[in-house]
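This report concerns only the one structure given below.
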Amino acid sequence: MKPGPLRLALAVVLLGALGYLSVRGAGPVPPLGPLLDPANGVFGLARYAEIPKRGAAQIPGITAPVEVRYDDRGVPHVFASTEEDAWRAQGFLVARDRLFQMELQIRAAAGTLTELVGARALEADKTARRRGLAWAALRNYAALDSADLMSRASRAYADGVNAYIGSMRRAALPLEYRLLNRRPFRWEPEYTFYFFGQMSLTLAYEDQTTSRLRARALVGAQATEALFPLNSPIQEPIQPNGIGRPRYDFTPLAAPGDPDTTVTLAIQEREAVMLALGLSPGRPGLRDAIGSNNWVVAPGRTAGGHALLSGDPHLELSLPSIWYEIHLVTAGGSDVAGVTFAGSPGVIIGFNRDVAWSFTNTGADVRDHYAETVDDTLSPRRYRVDGEWRPLTRQVERFRGPRGEPIGSDTLFFTHRGPMVRALGRWLSIRWTPFEAAGAGGDFLRLADTRNVQEWLDAWKDHAAPAQNGAAADRAGAIAMRSTGWYPVRPGNGRGDEIRDGSTSASDWKGYLPLSAYPVSVNPPQGFLASANQQPVDPKQNPHYFGSNWYSPWRAMRINEMLRADSAVTPESMRAFQTDPKSVRAAAFIPLFRNVAGSGSGAALIGEWDGRYTKENRRAVLFEAAMDALDLLVWDELIPVDRRSDSAARPVQVPAEAVLLGLMADSTSAWWDDRRTPAVERRDEILRKAADQALAAVRQRLGSDEARWVWSAVHSANIHHLLRLPALSSLNLPVEGGSGTVSPSPGGGEHGPSWRMVVELGPDVRAWAVYPGGQSGNPASSRYLDRLPKWLGGQLDEVLFPHVPAEIPAERLRGTLVLTGGR
C-alpha cells in the first residue's frame, strides 16, 4: 500500500504543473532537476526508507552504548543504561522517522512558518504568536530548575534530534524539505514545550461564551440557559453516581424570549478576539466531540480474572500519524511501552510491567477574557488594576523569510493574566491554564515508573493542562479514573462564560480547585469505569464548576451499556467494543420517527433501521439527513431574523441533542412551531416533515435506488498528508461508525481513532494496538501505511514487550542499531 518512488515522482511533477506547494498554500516550486536526481533526489529516498539490518551512530552525551532493536511492526525497543540516554536515543529515532512532522508542528506553534514557506504564512504566524503559546513555552521552560525531570528529558531529547540531523546524509533528506527547497532547523529543548502548548490549543480552548451570547441575542437569557444548560440533561458521569444506568434530568424548555440586544457588543468583541487569534468561536453544528474513549474493567468482570484497559484517543488523522510507538528500557529503572508524540520524550499513553493507562479530554472551562483599561488605546504601555497603573510587557516580534530576510513585525502585549489583544477599540487579556503549566509533559514521564494505580494517581496529581480523564489499571486488579487538571476558582457565579472587568483584581481567579474536588473513582463496586468526553461528575454529588454545555453522553452510554451486559470481558471483546457500530442516540430517536410514520414515508423508512452504523446499511444516510432537517425546523428561532428566508441559513448554535431528546416529551412546546410559516406546528408534524425532507434530499443526492444509499457512500475517513498532497494521502476510506457510536468520525472524516490499544494486566502484561498509517514519515517506506488495513478492519496487532533484546523472536526482528557517545 506504500506510494513508492514512481508515485512520488508523479506527485512532484503534478505539483510543478499546478504550482501547488505549501502548508495550505505557500512557497515557490523548487527546481525539478534535483528532485528527480537518481542518487540524491526523490528516488534516492527509497534507499533510506527501510530499517537497516545493522547500524551504528553517535550521539554526544550518551554515557554507555544504547542498543535499539526494531521489530516487524517498525517499533524500536530501546535498551539504555540511564533515562537521559534513553531520551537521547528516542530523539534520534523519532527524528529519523518524523523529522519534517516535528518541525512543522513546532513552527505552527511558534509562529515561524514564514522561515519555512515564505511570506504567505505571515498572517498565520502573527496570529500564532498573539495566542501566546511561544511566550508561555519560553517562560515555562526558563522557570524550570535544570534538575527538573522535564528539563533533563527535553535537553537529552534535543541532543538526540540534533545528532540525527548532523549525521543525516543528503539522500535521506525527507521529501517535504525537498518540495519546499529547505533544510531542517536545529531542535531546541524548549520546542517540546511549544508542542504541549499546541496540544493544549487543540484540547483546552473551548469557547462556549460566544455561542451562548449569539443565542441570547436571538431568544433571550432564560431560553439560552435552557437550551445550553450548565449540566448535561442526561447524566452518565465518569465518576459513577451509584444509579447503574443513565439518569434523564429533562425539564420543559423555557419558550423563546425577546431578543437581548444588550449583548451585541460583547458578541462582536468575542468574535474580534477569536479572529485576531485565528480561531473559530464555538461549535455551531457539531453533534459530538471528536470522540476519545477509555475504559477499565476489574478482574471480577473479566474472563481471565485480570484487569483490562482500553485506550481509544480520537484526534486529527494525518500521515504520518500524530503518534509514534516506542518501548524504552533503562537498566534498573523504567520499562515502558506505548505511544508518544513526535517531539515529546517518554511515553504518553501506554503501559509498564505493572500499570496501563490512557486519557480522554475533559473539555473543562479553563480560559477567561478580561476587559483591560489602558493608557493609550493605540499603543498602550500601562494598564490599570485597582486604581494603579502597571507596566505592560511589550514584545516586538520580527518575522523572517527562508533566507533570513525580514518580512514583517508585530508588537505583542502581556498583562499579569496573559496575552492582550485589541478588539473593537477595547483591549482584552486572556488567562488560560496552559500558560501557567511550567512542567508540561513531566507528569507523563513520571507515570513510567509507577507500580500500582495509587502510585499512578499520585504521580499525576499535579498535572495542570489540558485537563484529562486518566484511566489506569494494575496487575493487582485495581482500576481507577480521575479528571485531572487545574480548574479555576472564579469570583461571582464561578463560570467562565463572561468578559470580566480587568480593572479590578477582584475579577482574578482565586486559585484552583483542590485535588479532593476532582472527579475520581477507584475500584467502584460496579467493577468498571468509562470516559467518553461526557460531564465527568454528577452535579448532585459534586457541585463544583468544571464546564458547561457538555456534549451528549451517547458514547459513554453505549460503552457502559456493553460493560454492564458483559460480566466476562475478554481482550477480544474490548477490541470489538472499540468499533461497535450501535448508536444509543439513534436508538432514542428512531422510535419517535416510527411513531409518526405513514406508509412509504421517510419516517417509515427510518423506522425500519436497527440503529447500527455498519458500512453497508441503507438507513443511516436517511436518518442523518432527518436529524439535520430537525435542527433547521426546530431551532429556527436561532437563525438570525434577516436570514430566515434563506433556505441555506443555519442556527447560530445548535443545542446538544440530549436537549432535543428532552424536548420530545413536550409535544406542544413553542419550540416546535416553525415561525417562518403561518401555521402553528407541533412535534409530530415536525418529525414527519423532517423525515420527508430528508427522503427528498437523499433521493436528490444519491438517487431513488436504495442500493446506492449505503453508509459508506457518504461516510469515510480521510487521512491527509501533512502538506495535504492527495498522492501521499489516504482518502475516502470506508469505516464503521457514525454520530453517537463509540467511533463517530465526525465532520469530514479527518478526525477519528488515532490509536487503539487493549492491555491485559496479568502475570505477564499483554497488549494489542494499532494506529492509522505507519511508523515512518517517508512515503517510500513499507512502514508508511502498513498499519492502515488492520485499522480499517478494526483489528489490533500484538505488541511485543521484551524484557531484554534477546526476547525478540528472530522472525520478528527487522534491524539493530547501536548508539554510542561521540563528539
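The values are calculated or read from the model by the stated rules, or taken from the named source; none is laboratory data. Just so we're clear, the structure is a prediction, and the values are computed from it rather than from any experiment. Quick reminder, even Gly has a Cβ in these numbers, built from the backbone with ideal geometry, and neighbours come from all protein chains shown. Ligands, DNA and RNA are excluded from the accessible area calculation, which covers all protein heavy atoms including side chains. Shrake-Rupley method; radii C 1.70, N 1.55, O 1.52, S 1.80 Å.
Annotations for the structure displayed:
- ALA307 long-range amide H proximity, modeled H, under 5 Å: GLY477, LEU761
- Dipole of the chain, positive direction: furthest Cα of PRO539, PHE250, LEU796, with charges on the beta-carbon: LEU796
- Summed over qualifying helices (DSSP H, 4 residues or more, each -39500 (n - 2.57)) and divided by its residue number, the chain shows a 222 nm mean residue ellipticity of -9000 deg cm²/dmol.
- Relative contact order (%) - criterion: Cα under 8 Å, at least six apart; region: the chain: 21
- Nonlocal amide H pairs with THR302, under 5 Å, H built at 1.01 Å: VAL569
- Dipole of segment 89-216 [Lys/Arg +1, Asp/Glu -1 at C-beta], most positive-end residue of ALA142, THR114, MET199: THR114
- Those residues of segment 132-160 whose amide nitrogen sits under 17 Å from the label point placed on ARG183, 7 Å along Cα→Cβ: none
- Computing FRET efficiency as 1/(1 + (r/R0)^6) for LEU265 and THR63, where r is the C-beta to C-beta distance and R0 is 60 Å, gives about 0.45.
- Once the Cα atoms are used to define both axes, helix 4-18 deviates from the longest principal axis of the chain by about 60 degrees.
- For segment 343-491, the dipole from Cβ point charges (+1 on Lys and Arg, -1 on Asp and Glu) about the Cα centre works out to 320 debye, to the nearest 20.
- Centre separation in Å (Cα based) which lies between segment 344-393 and segment 597-668: 38
- At R0 = 22 Å, FRET efficiency that the Cβ-Cβ distance of GLU807 and ALA56 yields, to 0.05: 0.50
- Accessible area of TYR141 (1.4 Å probe, protein heavy atoms only, ligands and nucleic acids ignored): about 50 Å².
- Note on ARG245 and ASP375: the model spin-label points, each 7 Å out from Cα along the C-beta direction, lie 6.6 nm apart.
- Sum of side-chain charges, ASP764 neighbourhood, beta-carbon under 10 Å (Lys, Arg +1; Asp, Glu -1): +2
- Lysine-lysine proximity count for the chain, Cα under 26 Å, sequence distance 8 or more or distinct chains: 11
- A cut-off under 9 angstrom between Cβ atoms defines the neighbours of ARG384, and their net charge, with Lys, Arg +1 and Asp, Glu -1, is -2.
- Cut-off under 5 Å, modelled amide H: who pairs with SER358 long-range: ALA471
- Segment 771-823 and segment 209-258 have Cα centres separated by 47 Å.
- Here segment 126-248 is assigned +1 on the Cβ of each Lys and Arg and -1 on the Cβ of each Asp and Glu. Its dipole about the Cα centre then comes out at about 600 debye.
- Volume of the convex hull of segment 65-141 (Cα atoms only), normalised per residue: 116 Å³.
- Angle in degrees between helix 683-702 and the longest Cα principal axis of the chain, rounded to the nearest 10: 50
- Gain in span if fully extended, THR614 to THR393, counting 0.36 nm per residue against the direct Cα distance: 74.0 nm
- Separation between Cα centres of segment 439-492 and segment 75-133, rounded to whole Å: 25
- In a reduced charge model with +1 at each Lys and Arg Cβ and -1 at each Asp and Glu Cβ, the chain shows a dipole moment near 1680 debye about its Cα centre.
- Formal net charge of residues neighbouring GLY404 (Cβ-Cβ distance under 13 Å; K, R +1; D, E -1): +3
- Applying the Karplus relation 6.51 cos²θ - 1.76 cosθ + 1.60 with θ = phi - 60° to segment 761-776 yields 3J(HN,Hα) values of 9, x, x, 10, 5, 10, 9, 9, 6, 6, 9, x, x, x, 5, 8 Hz, where x marks Gly and Pro.
- Rounded to 10°, Cα long-axis angle of helix 584-594 versus longest principal axis of the chain: 30
- Rg and Dmax over the alpha-carbon atoms of segment 665-730 stand at 19.4, 54 Å.
- Farthest positive-ward along the chain dipole, Cα basis, beta-carbon charges - from VAL758, ASN718, PRO581: ASN718
- The Cα-based radius of gyration of the chain, divided by its Kirkwood radius, gives an Rg/Rh of 0.96.
- Size of segment 693-823 from its Cα atoms: along the principal axes, largest to smallest, the extents are 68, 41, 26 Å.
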